[in-house]
1. Quick check: from the Cα gyration tensor, does the stretch 1-149 come out rounded (a/c under 1.5), prolate or oblate?
2. When 458, 163 are ordered from fewest to most other Cβ atoms inside 10 Å of their Cβ, what list results?
3. Quick check: from the Cα gyration tensor, does the stretch 371-437 come out rounded (a/c under 1.5), prolate or oblate?
4. State the antiparallel share, in %, of DSSP beta bridges confined to the chain, rounding to the nearest 5.
5. Take residue 267 and residue 4, extend 7 Å from each Cα along the Cα→Cβ direction, and tell me the distance between the two endpoints in nm.
6. Kindly provide the helix-only [θ] at 222 nm of the chain, computed as the sum of -39,500 (n - 2.57) over DSSP H runs of four or more divided by all residues, to the nearest 500 deg cm²/dmol?
7. Mind checking the angle between helix 281-309 and the chain's longest principal axis? C-alpha axes, 0 to 90 degrees, to the nearest 10.
8. Between helix 181-190 and the chain, what is the angle of the helix's C-alpha long axis to the longest principal axis, kept within 0 to 90° and rounded to the nearest 10?
């Protein structure tokens, strides 16, 4: 079946590289969680930095959405069009979001905002009419992808940090929380002389000139926050209105930033994960997250390495194990039982992730980095961990129990067990489970299975390929760091 223009736009919006547009009924190739390990990572992130994500890194979009929701509500009440309030409020918020992003991209083409590609047509025109089928189609396509209120951009954290949220019973409308009116008043005062423009004062159809948008770019520049905005956001991020755990993590970030004023974000991440005497619950939780991050990254890197060895030739488990041991050296090349139960001298999970990251582009070094990281993770002591993570998501407590159970076996036997159970079986289980769940829910048909067991051993599926190179899952620390700096907490 042929794709409609809106469906082509959807596919282009979601693509992160050149791809062939897929017609209806054809499976999408991909899947970003090949071993089903990442949910535990996200749960551990929620335990240290709840309410944040890896997209919402600038303060001003929170203010823009809250102000737009408040202004839209005021205009609806003044107009008496309460019967259409949901639609009119949503339309106004969409318009203000687009105008703000449009203005910032005009000023700084690589501005740190979602939707640069989607808004390219706006950046190139001299005039735009916010009305009609073209605008309605654009809003619908953008709302679930690059809108500030979208679930994959700022939306969850705008709600979690209490700036605004959906209106109960409304389809798409949002309302300001009322907690930050001083900040919204200060933001509004900066462009008060422009408030009579129809873009800010009229519901429904509005025409805006490029010259207007360029003029507004300086008035609501992302880099020029008012003191009231900084104060309000600091209160939401790590002050009296903040979640207790997020406050504790940002406080730790403050302390280490003061102790190491020249440290960059990677240095701070490593410092927060250090083993220290009398570690606070927050430091322990942060280290637990980073150890899990290292474990997940090591296994996905190993899976990626295995698939590359299968391209183009089928190999048995024994052949893959021998190739891996030859390149890894160290405990993997030994014949002594249980040698993986001896931890390496290095004990920083962030350093192990950096080692794998560096080795990803030097394939011959990758097996050694993987083995060192796994030995570290399997020997890390964590008394509070056992209740965390479903067994089928391979939590570390399960992995450590298996590492102990195989202690009388040779490294070759244990590596074979890990490869078949933690990599290939884990991948097959989650690929089929996710695909079945999508089918039952009427979701997208995504071909996730990349490898199958054939008569000659393991082989790549005909359409799957080896997938994209894995990378460490962003842990929200940079988001917290950037937001804290913007609101003058750091």
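Please treat every number below as a calculation from the coordinates, not as lab data. Being a predicted model, the structure only gives us computed values, none of them experimental. All Cβ positions, even for glycine, are placed from backbone atoms using ideal geometry, and neighbour counts span all protein chains on display.
1. Details: a/c = 1.71, a/b = 1.26, b/c = 1.36.
Cα axes put the stretch 1-149 in the oblate bin.
2. Values: 458 22, 163 28.
Fewest-to-most ranking of 458, 163: 458, 163.
3. On the way: a/c = 2.42, a/b = 1.28, b/c = 1.89.
Judged from the Cα gyration tensor, the stretch 371-437 comes out oblate (a/c at least 1.5, b/c at or above a/b).
4. Values: 12 of 14 bridges.
Close to 85 percent.
5. Label at residue 267, label at residue 4, 5.4 nm between them.
6. On the way: 21 runs with 255 residues, N = 490.
Only helices count here, giving -16000 deg cm²/dmol.
7. 70
8. Helix 181-190 sits roughly 70 degrees off the main axis of the chain.
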